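Below you'll find the structure, written out as structure tokens, and then a few comments.
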Amino acid sequence: MSGVELRFLGTGDAFGSGGRLHACTFVRAAAGRLLVDCGPSALAALRRDALDPDMVDAVVLTHLHGDHFGGVPFLLMDAHYATGRTRPLAIAGPAGVEAAVARALDVLFPGAGGMVPRFPVTYAEWTGGKAVTAGPAKVTPFPVSHSTSTPCYGLRVEVGGRVLAFSGDTKWTDALVELSADADLFLCECSGYDSAPPHHLDYLALQQHRSALTCRRLLLTHMGEEMLARASALGVDTAHDGLVLTV
């Protein structure tokens, strides 16, 4: 295939604003496929778009809030019990990602926390600024400013000769400038217009710093109800569930 295909399976915030599904982007290149974030609705969204979950080579997670990683247990249970997956799966995320997935499995499916999948699963943990190979991609994490309780990262994904940047959840931080520098696409959260929930980014704050962002294309996501209502009048480039782009 030519270029890299992105399918936005879920572009919503934690509250399902606008009826949108939780954060999940499917990235397909000639060398393989990965999910960037994997919210609780990810498995249903994959099937909605006729995408085989077993063809996902890697899942990379910006942070361990439920709307960004809560779909991993469903993905694992589906592969273990329903589809008979045999292909390896790589999962990369913040420190403690393997234990967090096990806890989530045990809460959602009591007794499943110690499940040993029938296929190889490997875990890798982010260290700020240190690149990790995850499936077909090289992923570099950048610490961002979202939570004091759990580490949160923006991810710079190099795959198929393209550079894709993902803010994850964060208020404005200068780390976004380096994260998105000369990226082919920067998917940036924009929870509100002139204000946002704590530790999230709003449109006016983003606009104050827009000239510092040298990405080739900026695409807004994770929008709350107010931002969704204003987006078309603002003329900004936004993601929506089901959007497909090739970069």
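The values are calculated or read from the model by the stated rules, or taken from the named source; none is laboratory data. All values derive from a computational prediction rather than experimental measurement. Neighbour counts run over all protein chains shown; Cβ positions are idealised from the backbone, glycine included.
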Q: Go through segment 28-113 and tell me which helices (runs of 4 or more DSSP H), entirely inside it, have 2 or more residues that are over 29 Å from SER191 (Cα atoms).
A: 72-77, 97-108
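Yes or no, residue by residue, for (1) surrounded by 18 or more Cβ atoms within 10 Å (Cβ to Cβ); (2) among the acidic types (Asp, Glu); (3) over 22 Å from LEU164 (Cα atoms):
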residue	(1), (2), (3)
CYS38	yes, no, no
ARG47	no, no, yes
ASP52	no, yes, yes
ASP67	yes, yes, no
PRO94	yes, no, no
PHE109	no, no, yes
PHE119	no, no, yes
LYS130	no, no, no
Q: Kindly indicate which of GLY135, GLY168 is in contact with a Phe, Trp or Tyr (Cβ under 8 Å, 6 or more places away or on another chain) and not aromatic (Phe, Trp, Tyr).
A: GLY168
Q: Please state which one of PHE26, PHE15 is surrounded by fewer than 21 Cβ atoms within 10 Å (Cβ to Cβ) and touching a residue at least 12 places away in the same chain (Cβ under 8 Å).
A: PHE15
Q.
When the residues of segment 217-236 are narrowed to those that are at pLDDT 95 or above and in contact with a helix residue (DSSP H, G or I) (Cβ under 8 Å, 6 or more places away or on another chain), which ends up nearest to PHE8 (Cα to Cα)?
A. LEU220
Q. Looking only at segment 55-93, which residues are more than 28 Å from SER145 (Cβ to Cβ) and charged (D, E, K, R)?
A. ASP57, ASP78, ARG85, ARG87
(Q) For segment 149-179, give me the residue count where each residue is under 13 Å from LEU220 (Cα atoms) and outside any loop (DSSP other than H, G, I, E, B). (A) 2
Q: Considering only residues that are aliphatic (A, V, I, L, M) and loosely packed, with under 14 Cβ neighbours inside 10 Å, look in segment 211-229 and name the one that is farthest from THR246 (Cα to Cα).
A: ALA229
Q) Just wondering, is there one or more residues in segment 182-191 that are more than 19 Å from VAL139 (Cα to Cα), more than 19 Å from the chain's Cα centre (by Cα) and in contact (Cβ under 8 Å) with a residue 12 or more places away in the chain? A) no
**Q.** Whichever residue in segment 183-203 is farther than 21 Å from ARG7 by Cα and among the charged types (D, E, K, R) and, among such residues, is surrounded by the most Cβ atoms within 10 Å (Cβ to Cβ)
**A.** ASP202
**Q.** Scan of segment 159-174 for residues that are surrounded by fewer than 24 Cβ atoms within 10 Å (Cβ to Cβ), touching a residue at least 24 places away in the same chain (Cβ under 8 Å) and touching a strand residue (DSSP E or B) at 6+ places or on another chain (Cβ under 7 Å), ordered by number
**A.** VAL159, GLY160
Q. When segment 182-210 is examined, which residues are found to be within 20 Å of LEU245 (Cβ to Cβ), in contact with a Cys (Cβ under 9 Å, 6 or more places away or on another chain) and either of a type in the set (Asp, Glu) or in a loop (DSSP other than H, G, I, E, B) (or both)?
A. ASP182, ALA183, ASP184
